[in-house]
Amino acid sequence: HYFGHTEIRFEVESLNEKPNVTARFRDRDLERPYWLLDLYTNKLNWFGTEIFRIKAIDPGRDGGFGTPDDKFSYSNYFDVVVRPVNDPPSWSTFQDLNTGWQTTIPPTATTLKLPETDTGCIEKQLYRFALIATDVDGDLIEFSTEERITIEKDPAAYPLSRAVFSFIPTNDDVPLVNFTITADDTNGGIINLTISIPVTNVNDAPFFTYV
């Protein structure tokens, strides 16, 4: 409550010298004759509790702030609680384990087309590749795809999530085979990546269909 006739100013003070949340009052206007307090985090993916209080300042009879004439009072301290939300995984890297070639995957990519010159996928030969994904929440990622592909998790890659995929392409896969791979953080965050893999053809011997 305020019973004076001069404009008062509000300031926000944190109990923490270096708070993870910034609190700032908006200026009033004719359409909004009240004060709004904006709050936002200073660090990406931070969550927790910060403690603030509000300082109300009366500039006194001289009408100027920052003079000995000022009067002020404080509110009680109050908690600002930032709750965590689950973020989906992000793609990081594709590695061709047959040739040693690798490329960066955009974090939110949904498709990846591999170049013919760097891909070692040959018909009727085992082809192995690896995918690396990350999760800002530190969740372990589970990978899945169609049954014909074998998946091996790489526990040594933690905190990154890396899995090795292998399959033997057939003549039906020439010249291009597509697989959709899912990364699931098991907390509701799921992303899919469709990979287009060029398959090098090999000459097949003829065979009889009728004599």
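With a cut-off of 13 Å between beta carbons, the residues surrounding Arg28 carry a summed charge of -1, where Lys and Arg count +1 and Asp and Glu -1. Here the accessible area of the chain is 52 percent carbon and sulfur, with a 1.4 angstrom probe and all protein chains present. Taken over segment 92-211, the ratio of Cα radius of gyration to 2.2 N^0.38 Å equals 1.19. Protein heavy-atom accessible surface, 1.4 Å probe, per residue over segment 1-133: 69 Å². Positive contributions from Lys and Arg (+1) and negative ones from Asp and Glu (-1), summed over other residues with Cβ under 15 Å from the Cβ of Cys121, come out at -2.
Taking a sphere under 15 Å around the Cβ of Thr108 and counting the other residues whose Cβ falls inside, with K and R at +1 and D and E at -1, yields a net charge of -3. Would you kindly calculate the translational diffusion coefficient of segment 1-109, applying Stokes-Einstein with the Kirkwood radius from alpha carbon pairs, for 20 °C and a viscosity of 1.002 mPa s, and quote it in µm² s⁻¹ without decimals? So the translational diffusion coefficient is about 117 µm²/s.
Here the spin labels are modelled as points 7 Å beyond Cα on the Cα-Cβ line, and at Thr182 and Ser166 they lie 2.5 nm apart.
Of interest is the spacing of the C-alpha centroids, which for segment 3-54 and segment 132-189 amounts to 45 Å. Measuring how big segment 143-207 is from its alpha-carbon positions, Rg and Dmax come out at 15.2, 52 Å. The GluC sites (Glu not before Pro) of segment 129-211 that meet both conditions, a loop assignment by DSSP and at most 15 other Cβ atoms within 10 Å of the site Cβ, are Glu146, Glu147. For segment 18-77, the Kirkwood radius over C-alpha pairs fed into Stokes-Einstein at 4 °C and 1.567 mPa s yields D = 92 µm² per second. Computed over the alpha carbons of the chain, Rg followed by Dmax gives 30.2, 114 Å. When the trypsin sites (Lys or Arg not before Pro) in segment 10-53 are filtered for DSSP coil states and for at most 13 other beta-carbon atoms within 10 Å of their beta-carbon, the remaining sites are Arg26, Arg28, Lys43.
In segment 165-211, which chymotrypsin sites (Phe, Trp or Tyr not before Pro) are in a loop and have at most 11 other Cβ atoms within 10 Å, using DSSP for the loop call? Qualifying residues, ordered by number: Phe207, Phe208, Tyr210.
Starting from the Cα of Lys55, draw a straight line to each of the lysines and keep only those under 22 Å, dropping any in the same chain fewer than 8 residues away. Within the straight-line cut-off, Lys55 pairs with Lys18, Lys71.
The values are calculated or read from the model by the stated rules, or taken from the named source; none is laboratory data. A quick note: this is a predicted structure, and the numbers were derived from the prediction, not measured. Note: ideal-geometry Cβ built from the backbone for every residue, glycine included; neighbour counts use all protein chains shown. Accessible surface areas use protein heavy atoms only, side chains included; no ligands, DNA or RNA. Shrake-Rupley method; radii C 1.70, N 1.55, O 1.52, S 1.80 Å.
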